[in-house]
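Okay, structure first, notes after.
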Amino acid sequence: MHPLLKQNIERTIAQTLPADSEKIFAELLLEQVFQKGDFLAEEGKPCHAIYFITQGAACAYFLDAKGEKNAMQLALEGHWISDLSSFFSGQAAMYSIEALEPLKVLVLKKENFTKASQAFPFFDRLFRILIQNAYVSLQQRLAKTNAESAENRYLAFVKQYPDFVQRIPQYLIASYLGIKPQSLSRIRKAMAHTK
């Protein structure tokens, strides 16, 4: 099993994986490489996999009426990314998932997700916790968008995800935080002057 995935699972479920389960689970995953600009999933088409990033950066977004990207999820190494609504329902994806850098991922297809859920109690627990955490994070992000200033949202993002700031394009970070790119540019400029 890839060490980053093992670390992610063990940290999330707060227990060590049994060696036999680790090996069998690893066999359910496929390694795949994407180039910058490639799509892991596309809005309007079913998303049949969940991706664990071992190298690179990706973004899940939808296009608005003006054709602008609205970032819903940002991910680097050690993060999972997918359109879970499409993955679980089999319906068309709401989001496109694009590689922002050359990307290496471990792919968990729907049929292997089902096998893992049935075979490994740790796996069911892992995804329950991941989905709970994602839901809580989304609620917090929405609350902050309505209650906090753009500057405070950006400062909290920088503190929580310092690596993202260096590698994710600023217009996507602005979109993710519900900030206009011009406003984020002003915030960053003001921050640079106060250092």
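The values are calculated or read from the model by the stated rules, or taken from the named source; none is laboratory data. Just so it is clear, the model here is predicted, and its values are computed rather than measured. FYI the Cβ positions are ideal-geometry reconstructions off the backbone, even for glycines, and counts take in every protein chain you see.
So if I check each of Glu111, Glu101, which one is surrounded by 14 or more Cβ atoms within 10 Å (Cβ to Cβ) and either over 14 Å from the mean Cα position of the chain (by Cα) or of a type in the set (D, E, K, R) (or both)? It would help to see each step written out before you state the result.
Working: Glu111 fails: surrounded by 14 or more Cβ atoms within 10 Å (Cβ to Cβ).
Answer to the check: Glu101.
Condition check ((1) in contact with a helix residue (DSSP H, G or I) (Cβ under 6 Å, 6 or more places away or on another chain); (2) in a helix (DSSP H, G or I)) across all residues:
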site: Val105; (1), (2): no, no
site: Ser117; (1), (2): yes, yes
site: Phe122; (1), (2): yes, yes
site: Gln140; (1), (2): no, yes
site: Ala143; (1), (2): no, yes
site: Leu172; (1), (2): no, yes
site: Ser175; (1), (2): no, yes
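Among the residues of segment 26-75 satisfying the criterion of being within 22 Å of Leu126 (Cα to Cα) and of a type in the set (Ser, Thr, Tyr), which is surrounded by the fewest Cβ atoms within 10 Å (Cβ to Cβ)?
Thr54
Residues are listed down the side, and each one gets a yes or a no for (1) assigned to a helix (DSSP H, G or I); (2) out of contact with any Ser or Thr (no Cβ under 7 Å at 6 or more places or on another chain); (3) more than 16 Å from Phe164 (Cα to Cα):
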position	(1), (2), (3)
Phe25	yes, yes, yes
Glu43	no, no, yes
Lys66	no, yes, yes
Gly78	no, yes, no
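Looking at segment 1-60, which of its residues are basic (Lys, Arg) and touching a residue at least 60 places away in the same chain (Cβ under 8 Å)? Before the answer, list the steps.
Filtering segment 1-60 down to residues basic (Lys, Arg) leaves 6, 11, 23, 36, 45.
Answer for segment 1-60, where residues must be basic (Lys, Arg) and touching a residue at least 60 places away in the same chain (Cβ under 8 Å): just Lys36.
Those residues that are at positive phi and at pLDDT 95 or above, I need them from segment 57-76; list them, please. Explain how you work it out, then say what you get.
Filtering segment 57-76 down to residues at positive phi leaves 67.
Within segment 57-76, none qualify.
Filter segment 126-152 down to the residues that are of a type in the set (D, E, K, R) and surrounded by 14 or more Cβ atoms within 10 Å (Cβ to Cβ), then identify the one that is nearest to Arg11 (Cα to Cα). Steps first, please.
Pass one, segment 126-152, residues of a type in the set (D, E, K, R): 128, 141, 144, 148, 151.
Checking which are surrounded by 14 or more Cβ atoms within 10 Å (Cβ to Cβ) leaves us with 141, 144, 148, 151.
On the way: Arg141: 23, Lys144: 27, Glu148: 30, Glu151: 31 Å.
Applying the filter and picking the extreme gives Arg141.
Please work out which residue is surrounded by the most Cβ atoms within 10 Å (Cβ to Cβ), limiting yourself to segment 153-187 and to residues that are farther than 21 Å from Ile97 by Cβ and charged (D, E, K, R).
Filtering segment 153-187 for residues that are farther than 21 Å from Ile97 by Cβ and charged (D, E, K, R), the one surrounded by the most Cβ atoms within 10 Å (Cβ to Cβ) comes out as Arg153.
Assess whether Thr16 counts as being β-branched (Val, Ile, Thr), part of a loop (DSSP other than H, G, I, E, B), over 20 Å from Ile173 (Cβ atoms) and out of contact with any Gly (no Cβ under 8 Å at 6 or more places or on another chain).
Considered against the rule, which asks whether it is β-branched (Val, Ile, Thr), part of a loop (DSSP other than H, G, I, E, B), over 20 Å from Ile173 (Cβ atoms) and out of contact with any Gly (no Cβ under 8 Å at 6 or more places or on another chain), Thr16 comes out as yes.
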